[in-house]
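Written below as structure tokens is the structure these notes are about.
The values are calculated or read from the model by the stated rules, or taken from the named source; none is laboratory data. In this text, all values refer to a predicted model and were calculated from it rather than measured experimentally. Cβ placement follows ideal geometry from the backbone for every residue including glycine, while neighbour counts extend to all protein chains displayed. The protein model used for the area step is the full one, side chains on, heavy atoms only, and it has no ligands, DNA or RNA in it. Shrake-Rupley method; radii C 1.70, N 1.55, O 1.52, S 1.80 Å.
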Amino acid sequence: MHSSDRPRFAILGAGMSGILAGIKLKQAGYDFTIFEKADRVGGTWRENTYPGIACDVPSHLYCYSFELNPEWSYTSSPGSEIQAYFEGVAKRYGLEGSMRFGDPVVRCEWSGPGDGRWEVETGAGFVDHFEWVIAATGILHHPKFPDIEGLDRFEGAIFHSARWDHDVPLDGQRIGVIGTGSSGVQITGALAPRVDKFSLFQRTAQWVVPIQQQAYTEEQRAAFRTDADLLRKLHDDMSIAFNDGFATAVLDGESDMVDGIEKQCREHLETRIVDPELREKLRPDYRAACKRLVVSHNFYDSIQHPSAELVTESIDRVEPAGVRTSDGRLHELDVLVLATGFKVDRFMRPMTIQGEGGVLLDDVWSERPSAYVAVAVPRFPNFFMLNGPNSPVGNFSLVQTAEMQFDYVLQLVDRVREGTLDVAVPSVDAAARFEEERTEAAKKTVWATGCRSWYLDDRGIPFAWPFPFSRFRSEMATPRLEDYVLPALSK
Ligand code: NAP
């Protein structure tokens, strides 16, 4: 069974990673089903439609290496364009016929040893069996609502940034936004100059990296269209500069790169913000890149718009008419947006995922999620995650990450088919060794230099990939089979 010539794959999620897995499986001639709880593809780009949404990873990097896109409009293209790109690619590769929409997977259960297959069940009661499960359910997926008294008593419109209610009018309204992460900053850039009154509730100031948001000219797009080498070179150069250069260098709080970023951000703050009082409110007091760097071409201009106010007094409570801050002031609002981030330790949950001997993933991850080289969990055979726990996040491009992870999985599929492995499952020891090394390295990253962020786990230790991107690339290039349970031991 395990070395079946025609193993079948269940892919959980039709976002960027799930579409990628579908394309690669189709190209390799495998049978697969992509399960998607929503009614269309796109993942984070389907869910996040807030005003100002864009990807701050350069567009020519934030795309599949095998589907470069000459048509990007900007260096950091808007979210709707990215969504259209993923929809277009999924269509071009003919994935629709292999997708099940509008029905969430609720259970994946391994039936081994013997009949080593996964039984996958959806909320609607559909059941099917697969040799492999690929969880491509995303990290920034479960909205995190703040624990603020009175949220449910607010009489205006209230929603999370990832659940934007487009029926709510904005023009001429008083809008409040809680949170100054990448989402809150992009919303501010777009909305503050447009509405009657804009209140941004900031708990912690951000390092804001200035970028030039450049439109690609028709001439440049024509050149990309006709010269495939030019487009390829742009992508590859960006990958090296961004993933191996910038995103790797900022892991080290002592690096010249972090010094350089602080200097650049400080200059941006000093030269751009006119009012000294506002400037001090916007000045961060921790090391740059400790939180995920916020990148913006318009935040400082927008927050200085006459309609905008940066509120730094802490929030006491939400009242029917608005937000009451600790200085006793009521900020009256028509709309309150919670740009308060995501629960990043949930991953595929609340699905019930049951591995060998009935072990539940929820129990294995009861303290915190972790994964051997960020892709697999002991006792969950032939179960792999794309952009799962311990993956490179931060300022890396998650598209390159998912591509490397899936190529890694396909190599393991070959090892199982040829009989080198019965099933692909890392050993408990290998996973523990990796986790120990990862944790020690994580403690030395810039993320652990004293700030609050979504990178930190329940112990305050960064959960993400703490090594250079080159280490990730080499881990993914060739699976270490000695870290997997070999046939004699898996009997
Ligand atoms: P986030 O970075 O987690 O930011 C959440 C914000 O909400 C923080 O400013 C936080 O303040 C604030 N907050 C949370 N609870 C609060 C409370 N009870 N009272 C007051 N403030 C509260 O979330 P995000 O902005 O949605 O971004 C999440 C990640 O998504 C980013 O880091 C990035 O990886 C990704 N993203 C990427 C892009 C892109 O262009 N590529 C765009 C958007 C998002 P503290 O700072 O004090 O905790």
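For every residue, the table says whether it meets (1) within 13 Å of the ligand (Cβ to nearest atom); (2) over 30 Å from the mean Cα position of the chain (by Cα); (3) of a type in the set (Lys, Arg).
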site: 257; (1), (2), (3): no, no, no
site: 264; (1), (2), (3): no, no, no
site: 289; (1), (2), (3): yes, no, no
site: 292; (1), (2), (3): yes, no, yes
site: 296; (1), (2), (3): yes, no, no
site: 311; (1), (2), (3): yes, no, no
Quiz prompt | the range 449-466 residues that are over 18 Å from residue 373 (Cα atoms) and touching a residue at least 12 places away in the same chain (Cβ under 8 Å), paired with ones that are more than 15 Å from the ligand (Cβ to nearest atom) and charged (D, E, K, R) (beta carbon under 6 Å, 6 or more apart) | solution = 458/368
Quiz prompt | Where a residue in the range 326-354 is over 17 Å from residue 139 (Cβ atoms) and its partner, wherever it lies, is assigned to a loop (DSSP other than H, G, I, E, B) and not small (Gly, Ala, Ser), with Cβ under 6 Å and at least six apart | solution = 326/313; 327/313; 334/173; 335/168; 335/173; 336/154
Quiz item: Can you tell which of 134, 187 is under 25 Å from residue 62 (Cα atoms), in contact with a Leu (Cβ under 7 Å, 6 or more places away or on another chain) and hydrophobic (A, V, I, L, M, F, W, C)?
Solution: 134
Exercise. Mind listing just one residue for me: the one in the range 128-178 that is over 29 Å from the mean Cα position of the chain (by Cα) and free of Cβ contacts under 8 Å to residues at least 40 places away in the same chain and, of those, nearest to the ligand (Cβ to nearest atom)?
Key: 171
Practice problem: For residues that are closer than 26 Å to residue 480 by Cβ and in a loop (DSSP other than H, G, I, E, B), tally how many sit in the range 428-453. | Solution: 2
Quiz item: Between residues in the range 64-85 that are within 13 Å of the ligand (Cβ to nearest atom) and open to solvent by 30 Å² or more (accessible area, probe 1.4 Å) and residues that are of a type in the set (A, V, I, L, M) and assigned to a loop (DSSP other than H, G, I, E, B), which pairs lie under 8 Å by C-beta distance while being six or more apart or on different chains?
Solution: 75/211; 78/53
Quiz item: Among 155, 131, which is the only one that is surrounded by 19 or more Cβ atoms within 10 Å (Cβ to Cβ) and touching a Pro at 6+ places or on another chain (Cβ under 6 Å)?
Solution: 131
Exercise. Run residue 110 past the list (1) touching a Gly at 6+ places or on another chain (Cβ under 8 Å); (2) within 10 Å of the ligand (Cβ to nearest atom) and report the number of the one that doesn't hold.
Key: (2)
Quiz item: Of these, 186, 212, which one is of a type outside the set (Gly, Ala, Ser) and modelled with pLDDT under 95?
Solution: 212
Exercise. Please note which strands (runs of 3 or more DSSP E) are completely contained in the range 320-395 and include at least 1 residues that are within 16 Å of the ligand (Cβ to nearest atom) and open to solvent by 10 Å² or more (accessible area, probe 1.4 Å).
Key: 322-325
Quiz prompt | Residue in the range 431-445 that is open to solvent by less than 10 Å² (accessible area, probe 1.4 Å), within 21 Å of residue 347 (Cβ to Cβ) and among the aliphatic types (A, V, I, L, M) present | solution = yes
Quiz item: Which number in (1) part of a loop (DSSP other than H, G, I, E, B); (2) within 15 Å of the ligand (Cβ to nearest atom) marks the one condition that residue 124 misses?
Solution: (2)
Self-check item: When residues of the range 396-421 are limited to those that are away from the ligand (no atom under 16 Å from the Cβ) and among the hydroxyl-bearing types (Ser, Thr, Tyr), the one most open to solvent (accessible area, probe 1.4 Å)
Solution: 420
